[in-house]
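No value in this document is a laboratory result; all are computed from the given coordinates. Just so you know, these numbers come straight off a predicted model, no measurement behind them. A quick note on method: Cβ atoms are made from the backbone with ideal geometry, for glycine too, and the neighbour counts reach across all protein chains shown.
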Amino acid sequence: MISSISSMTPLIGAYLQQSGSAAKSSSTDDSGLQQTTKPAAADTKKALQLSEVDQKIVQQLTKRDTEVKAHELAHLAAAGGIATSGAHFEYQLGPDGVRYAVGGEVNIDTSPVSGNPAATLRKADIIKSAALAPAQPSAQDLQVAASATAMAAKASAELLALSKHTQEGGKNSLGSLLDVSA
């Protein structure tokens with residue numbers, strides 16, 4: 001997500017309630033390619049002795065980890081130069097002792113380009129593309145996309161006003177700016 005953490009499946013949620021806060025582990029990573037933490041040798045033996053419920057939780061956590069990382073990587077790839085950081089992840093410690101990504105975000109610059117509505121319009125398109133890049137955008141992603149649409153509408157109105165101003169005999173210094181967006 002661009003700036004929120006997704007909900008977890010009910011089975012994982014039940015595991016969290018049963019295990020208490022010791023099961024939660026929060027950290028960040030700017031690489032976007034963080035691998036899950038592997039259990040120590042002693043924990044590997046424990047992993048082989050997991051109950052069926054714990055094995056299902058591990059399967060769900062593994063699936064969620066893959067989904068979260070793919071989701072954030074899609075944002076990062078589409079954001080290009082407007083990403084202000086790499087992907088940040090929230091991790092959950094599974095019953096097997098491995099940390100799994102269960103949420104994440106990518107920070108992007110959503111500010112308009114000062115004094116340049118054409119550049120703002122292009123940037124709004126990139127923001128919207130980045131927000132909607134994952135296969136299943138979150139509610140926060142949809143909000144960011146809506147904000148980008150509003151930013152684009154404002155920039156388009158500014159461009160229209162500039163165009164009207166130049167047609168009415170105003171300064172023609174913005175002609176190349178308008179040609180770029182046409």
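Taking other C-beta atoms within 10 Å as the exposure proxy, Ser114, Ser156 rank Ser114, Ser156 from fewest upward.
How long is the gain from Asp109 to Asp125 if the chain were fully straight, where each residue apart is worth 0.36 nm and the alpha carbon distance is subtracted? Show your work: numbers first, answer last.
Details: separation 16, 0.36 × 16 = 5.76 nm, distance 1.26 nm.
So the extension gain works out to 4.5 nm.
For a modelled paramagnetic label at Ala70, 7 Å from Cα along Cα-to-Cβ, the residues of the range 123-142 in reach, with backbone nitrogen under 16 Å, are 133-138.
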